[in-house]
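Encoded as structure tokens, the structure appears first; notes follow it.
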Amino acid sequence: MKRLLIIFLAVCLMCPVFAMAEQPEWTYPLAPELLKDVQGFIVLANRENLLDENFAPQDLVDVKIRHVVDDPVRKPAYEALEKMFADAEEAGCKLYVKSAYRSYQTQETMYFNRLEKNNGKDDGWVSYPGASDHQTGLGVDVLNYEWTKKDGMNEKFAYEAEAKWMAEHCWEYGFVIRYMEDKEEITKINYEPWHLRYVGKEVAAYMREKNYCLEEFTEEWQQYVADYEADGGNFEQLIKDRAQLVPTVIGYSEDGEEEISIFH
Ligand SMILES: [Zn+2]
């Protein structure tokens with residue numbers, strides 16, 4: 001009997017399914033794969049986290065919905081924008097893309113032009129080169145027709161029906177308001193009710209629920225992963241282990257239509 005138990009334990013140690021159980025439990029509300037972020041949906045660009053001058057997304061597509069500039073945008077963000085524009089229109093809000101992807105070099109030119117105009121002072125309206133959310137290809141400025149005709153932008157746009165609709169619904173499509181009204185001290189950027197940032201539906205819903213800006217969300221999840229690893233967890237291994245999980249059909253629902261599965 002004792003020998004059998006030892007053999008059993010030895011098999012357990014060799015078996016990856018049992019080895020998985022040795023990792024601490026993952027209790028963060030979002031799946032580790034979302035935080036691993038192979039698609040780059042939660043990349044943070046700001047003064048402390050500058051994007052490389054060669055950082056350029058590979059899946060940029062032309063914007064064919066209503067727009068006033070020809071900036072491209074990353075494909076997943078574009079697909080979400082298309083749906084959002086259609087639903088907004090049904091609700092009586094005609095949206096326009098004002099600006100989307102901006103290269104490092106374009107941002108650099110804009111930043112130094114702004115400084116020159118402003119006697120060398122950074123007024124928080126144009127991001128530093130590498131710090132712009134537009135360089136991610138996931139940031140997009142969305143306006144109504146009236147505001148596309150204006151020279152400059154300001155927070156009064158928030159009173160427009162289109163801005164209110166976006167604030168209420170953009171998360172349903174995977175967007176967040178990147179520069180929030182009450183987070184200027186954290187983002188170091190003025191409130192921009194027109195600047196949407198695609199982060200994917202799960203993250204957008206979570207950020208909305210917590211009222212987080214991207215900086216706060218990033219700090220929280222990075223801290224969680226650091227704590228997880230400090231507790232003996234291996235984040236990369238956890239993701240590999242989870243990728244191997246395959247559902248096993250253990251039965252069918254009463255009408256025989258639906259499979260009942262367990263993951264092992
Ligand atoms: Zn913007």
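What follows is calculated from the coordinates using simple rules that are stated; it is not laboratory data. What you see is a predicted model; the values in this text were computed from it and never measured. Heads up, the Cβs are rebuilt from the backbone with ideal geometry, glycines too, and the neighbour counts pull from every protein chain shown.
Structure summary
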| read-out | value |
| --- | --- |
| Hz values of 3J(HN,Hα) by residue in region 169-186 - Karplus curve (6.51, -1.76, 1.60), Gly and Pro given as x | 10, 4, 5, 5, 9, x, 9, 10, 6, 5, 10, 7, 4, 9, 10, 4, 5, 8 |
| Alpha carbon convex hull of region 34-151, volume per residue in cubic angstrom | 121 Å³ |
| ³J(HN,Hα), Karplus 6.51/-1.76/1.60, whole Hz, each residue of region 191-205, x for Gly, Pro | 4, 10, x, 9, 8, 9, 10, 6, 10, x, 5, 5, 5, 4, 5 |
| Surrounding net charge for Cys170, when Lys and Arg each add one and Asp and Glu each subtract one, Cβ distance under 12 Å | +2 |
| Potential extension, Lys75-Lys117 segment - 0.36 nm per residue separation minus Cα distance | 11.7 nm |
| Cα lying deepest toward the dipole's positive end in region 32-223, options Asn49, Met84, Leu34, charges on Cβ | Met84 |
| Residues Leu95, Leu51, sorted so that the one with the fewest Cβ neighbours within 10 Å comes first | Leu51, Leu95 |
| Summed side-chain charge close to Glu146 - residues other than Glu146 whose Cβ falls under 13 Å, Lys, Arg +1, Asp, Glu -1 | +2 |
| Rounded Å value of the spacing that divides the Cα centres of region 135-163 and region 171-226 | 18 Å |
| Rounded FRET efficiency, nearest 0.05, which uses the C-beta distance separating Glu22 from Thr109 and R0 of 45 Å | 0.25 |
| Trypsin sites (Lys or Arg not before Pro) within region 145-245, DSSP loop, no more than 13 other Cβ atoms inside 10 Å | Lys149, Lys150 |
| Candidates per trypsin sites (Lys or Arg not before Pro) in region 77-135, loop by DSSP, up to 10 other Cβ within 10 Å | Lys121 |
